[in-house]
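The values are calculated or read from the model by the stated rules, or taken from the named source; none is laboratory data. Note that this is a predicted model, so its numbers are computed, not measured. Here the Cβ positions follow ideal geometry from the backbone for every residue, glycine too, while neighbour counts run over all protein chains shown. For accessibility, only protein heavy atoms count, side chains too; no ligands or nucleic acids. Shrake-Rupley method; radii C 1.70, N 1.55, O 1.52, S 1.80 Å.
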Amino acid sequence: MSELVSIITPSFNTGKFISETIESVLKQSYKNWEMLIVDDCSTDDSLEIISSFSDERIRLIVNETNRGAALSRNFAIKEAKGKWIAFLDSDDLWHQTKLEKQVNFMKKNNYHFSYTNYIEIDETTRPTGKTVTGPQIVTERSLNNFCYQGCLTVMYDREFIGLIQIKNLPKNNDYALWLMVIKKTDCHLLPETLASYRKRRGSISNHSYIKLIEHHYYLWKYGEEKNSFSAIIFTMRNLIFGIMKKMNYVRKIAE
């Protein structure tokens, strides 16, 4: 019998996209999953849309107050019942064989932490012409340099890793998760494009470099509890290796 995969999906005002996200999970060739959607006090029609899906594998959790993505993910991870923990934000998509291929990849190779390639799409689900990959193996040292894993592609073995909970970081909270997991095991790339990341206006990826520097510094200073000097050094490394990632791992593809 296949092992249960728990899908962690925080949601806040993504009524425009979440139906398509849920549909991409329902279409998975791997059927033994649960999807934990944590609605963080949405003020649009997100709750109504999520509630319209009657599949018992979809578990809706509603925060009483707005807690942010980090604490919403923490709660969903605590509530998860699966051996495998996977992540899918409420505006991103999975390709149909994503779970099946990734679970088989990890079981075959006895891996406990993995990620895949993904493509970028815009707000209308149109491909932007970019595919993103990363190193074949991400070690703790290389992850300190930069976050190579796209959140929507990551899966880890909860039975091996144990319960992971992060601090309440406003940004980079997925990076904070991987920094905890990587202390237990390396992360391995399944070199297939199995997900679609939605690049939205106003997202962190579109922020100014000053904002990006602030977010990375906050991660190292408060998330990883580094002293100020070390936090600055790690932030500089992130910026340098971020440029290198764009040069080496972001590829233009034909639309």
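Numbers below:
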quantity	calculated
Antiparallel %, DSSP beta bridges [both residues in the chain], to 5	40 percent
Above-threshold pairs, the threshold being 26 Å between Cα atoms, out of Lys83/Lys130; Lys211/Lys246; Lys31/Lys245; Lys98/Lys245	Lys83/Lys130; Lys31/Lys245
Accessible area of the chain divided out per residue, in Å², using a probe of 1.4 angstrom	48 Å²
Under 19 Å from Lys108, Cα to Cα: aspartates and glutamates that are on another chain or at least 8 residues apart	Glu3, Glu100, Asp157, Glu159, Asp186, Glu192
Burial ranking of peptide ranges 77-90, 230-243, 146-159, 50-63 (average Cβ count within 10 Å, highest at the top)	146-159, 77-90, 230-243, 50-63
Total formal charge among the other residues, if their Cβ is under 11 angstrom from that of Leu26, Lys/Arg +1 and Asp/Glu -1	0
Rounded percent of accessible protein surface that carbon and sulfur make up, the chain, 1.4 Å probe	53 percent
Neighbourhood net charge (15 Å Cβ-Cβ; Lys/Arg +1, Asp/Glu -1) for Ser72	-1
Summed residue charge, Cβ within 14 Å of Leu212's Cβ, Lys/Arg positive, Asp/Glu negative	+4
Amide proton proximity set for Lys226, modelled H, under 5 Å, gap of 5+	Lys221
